Amino acid sequence: NPRLHIAYALFPQKPQAQVRYTMSRLHTAWNIRRLNTKASESQPLLRKLVSDSGGAEKADWEAISKEIGLSALLCQRTYHKMTVAKSSGKGWRPDEFDRLLTNLRSQHNNGGAYDWNLAAAAVGTRTSKQCCLRFHYDQKTGRRHLYDFGSLQE
């Protein structure tokens, strides 16, 4: 890779493994910015394709991803951020928290680790990351008793 040779020449005092690691991190950050830019530019087309397919629940994300040129997961996350997640930037409403609690309780009774995607689907107005962060925030701030369904699982 010619860029690595240039980087090795610019930083001769650094070990080559460290230079390679730094270059890979820069490349990853560049790719993430590029993908996020493309995802935000394709929002009108994404919204149209999802509505044409009958909504997010019935959408064929693989077909939509081929049309847009992004991965199916990135299309799905972008659509979720455009619609559901934007409306819930404020604090948690009691009904949202109750739905989260009910879902986590049922997941605990079924055994296994918590599936935050299922929890987000049950809440309906929050992303999986928001549900996970709320759970862990409550664990750290002394509200652990709210989730006392027996022994907690991650």
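In this structure, Gly111 does not qualify as within 20 Å of the chain's Cα centre (by Cα), open to solvent by less than 60 Å² (accessible area, probe 1.4 Å) and farther than 22 Å from Lys129 by Cβ.
Per the conditions (1) open to solvent by 50 Å² or more (accessible area, probe 1.4 Å); (2) under 20 Å from Tyr79 (Cβ atoms), the sole criterion not satisfied by Leu133 is (2).
Testing His108 on (1) assigned to a loop (DSSP other than H, G, I, E, B); (2) of a type outside the set (Ser, Thr, Tyr); (3) over 24 Å from Asn31 (Cβ atoms), one condition comes back false. Which one is that? All conditions are met except number (1). Of the residues making up segment 79-105, those that are at pLDDT below 80 and assigned to a helix (DSSP H, G or I) are His80, Lys81, Met82, Thr83, Ala85, Lys86, Ser87, Ser88.
The values are calculated or read from the model by the stated rules, or taken from the named source; none is laboratory data. Just so you know, these numbers come straight off a predicted model, no measurement behind them. We place every Cβ from the backbone using ideal geometry, glycine too, and count neighbours over all the protein chains shown. Surface accessibility is based on the protein's heavy atoms, side chains included, excluding ligands, DNA and RNA. Shrake-Rupley method; radii C 1.70, N 1.55, O 1.52, S 1.80 Å.
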